[in-house]
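The values are calculated or read from the model by the stated rules, or taken from the named source; none is laboratory data. All of these numbers come straight from a predicted model, not from anything done at the bench. Cβ: placed from backbone, ideal geometry, glycine included. Neighbour counts: every protein chain shown.
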Amino acid sequence: MTTPLPFFDGHNDFLLRLQQEPHRREELWLGATGSGHLDLGRMKQAGFAGGLFAIFVPSPSQGLEYLAMMKQVPFDVPLPAPVPMEIAQPIALAMAGHLQWMERVAPDDFAICRSAAAVRQTFGSGRIAAVMHMEGAEAIGADLDALYLFHDMGLRSLGPVWSRPTLFGHGVPFAFPSSPDRGPGLTEAGKDLIRLCNKLGILVDLSHMNEAGFNDVARISDAPLVATHSNAHALCPSARNLTDRQLDQIRESKGMVGLNFAVGFLRPDGAGSPDMGLEIMVRHVDHLIERLGEDHVGLGSDFDGCTVPEPIRDVTGVPRLFEALRAHGYDAPLLDKLAHGNWLACLEHSLKT
């Protein structure tokens, strides 16, 4: 059997699965259910050797069928209401606890890493190198005290917003076709959050930020600009994707973009159907490399948080993407960069501890 190419994944929502079914978490993590996109066995089988694990607080149900609305192109889905900190924080703490538990029950296979050096040392050692990420900063109050707490627990990557607004800024809505230039940017509290993330060595994730917020981060931050799970707006004009101007700014900062596997952010027609080939993913990689250079592109699957192309199906399909890129003419050194080298270098430039 061919050894799979080890890869680092810039975004997944596996912790949300555990939060939604805590009574099944041992089965979901250590079992062989075949459900969802991830579990420990399939990750090791596929070459998943590291990644950012997202803490994400879902919006309370408002009676809107968001996924159904996104299947009827064109669409412009109303943004969910803000989630108050007193609701978000206990959920975020519980999800951080799930990540700690994953390490505790599988210490020979999984390690939470708090520095770029730890990621590099763990990566390829037989243990999965996990980095705690937060998608949407609702669990952080305006005084930012909780950011220190989560940092102590291992938080090393944070997106100030997930599409709904927060006290820190405004997310980009789910809309197709649409520009990401929707709504105002960071608040004063949001600008303070970015500065403190820079000080603590917490990577700032631009995915889900609107264009004004993106511009504010680009002006304020002294770290590389990173979008952990976003695609090329030129190929799929979703509001969630990055314009060529944004990609150029990321390149100038020596930043990073992780290819999102969500079909609605890949397909030129914006449809939510998984009935598509890998050639569309390859075209996005081509475009990202054209704008960013081959040192600044990687993977950001969004596994367990989206619908993926049928040929991918779950984490065990990632080697098929690498095979498609190899058949397209990508050589072994470039595939190594896309699979893990670029992410490891990005973390070394973004994390301070």
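Of all residues in region 311-342, those being within 20 Å of the chain's Cα centre (by Cα) and in a loop (DSSP other than H, G, I, E, B) number 3. Within region 148-178, which residues are surrounded by fewer than 22 Cβ atoms within 10 Å (Cβ to Cβ) and under 23 Å from LYS352 (Cα atoms)? Listed by number, the residues that qualify are TYR148, LEU149, HIS151, ASP152, MET153, GLY154.
Within region 195-216, which residues are in a helix (DSSP H, G or I), under 19 Å from LEU155 (Cα atoms) and under 18 Å from the mean Cα position of the chain (by Cα)? Walk me through it before giving the result.
Initial filter on region 195-216 (in a helix (DSSP H, G or I)): 195-200, 211-216.
Filter again for under 19 Å from LEU155 (Cα atoms), leaving 195-200.
Across region 195-216, the qualifying residue is only CYS197.
Return the only residue of ALA262, ALA239, ALA223, ALA232 being modelled with pLDDT of 95 or more and closer than 15 Å to LEU158 by Cα. Don't jump to the end; show me each part of the working.
Details: ALA262 fails: closer than 15 Å to LEU158 by Cα; ALA239 fails: closer than 15 Å to LEU158 by Cα; ALA232 fails: closer than 15 Å to LEU158 by Cα.
Among ALA262, ALA239, ALA223, ALA232, only ALA223 is modelled with pLDDT of 95 or more and closer than 15 Å to LEU158 by Cα.
Going residue by residue through region 275-286, is there one that turns out to be assigned to a loop (DSSP other than H, G, I, E, B) and surrounded by 24 or more Cβ atoms within 10 Å (Cβ to Cβ)? Within region 275-286, not a single residue is assigned to a loop (DSSP other than H, G, I, E, B) and surrounded by 24 or more Cβ atoms within 10 Å (Cβ to Cβ). Exactly one residue out of LEU16, LEU93, LEU28 is surrounded by fewer than 17 Cβ atoms within 10 Å (Cβ to Cβ), in a helix (DSSP H, G or I) and modelled with pLDDT of 95 or more: that is LEU93. Applying the set (1) at pLDDT below 95; (2) surrounded by fewer than 24 Cβ atoms within 10 Å (Cβ to Cβ) to ASP181 leaves exactly one unmet item: (1). Each residue in region 87-120 was checked for being out of contact with any helix residue (DSSP H, G or I) (no Cβ under 9 Å at 6 or more places or on another chain) and closer than 26 Å to VAL172 by Cβ, and 2 pass.
If you go through region 138-177 and keep only what is within 21 Å of GLU86 (Cβ to Cβ) and in a strand (DSSP E or B), you end up with LEU155, LEU158, GLY159, THR166, GLY169, GLY171.
Residues LEU292, LEU351, LEU347: which one is among the hydrophobic types (A, V, I, L, M, F, W, C), modelled with pLDDT under 95 and crowded, with 20+ Cβ neighbours inside 10 Å? Full working, then the answer.
Values: LEU292 fails: modelled with pLDDT under 95; LEU347 fails: modelled with pLDDT under 95.
When all the criteria are applied, what remains is LEU351.
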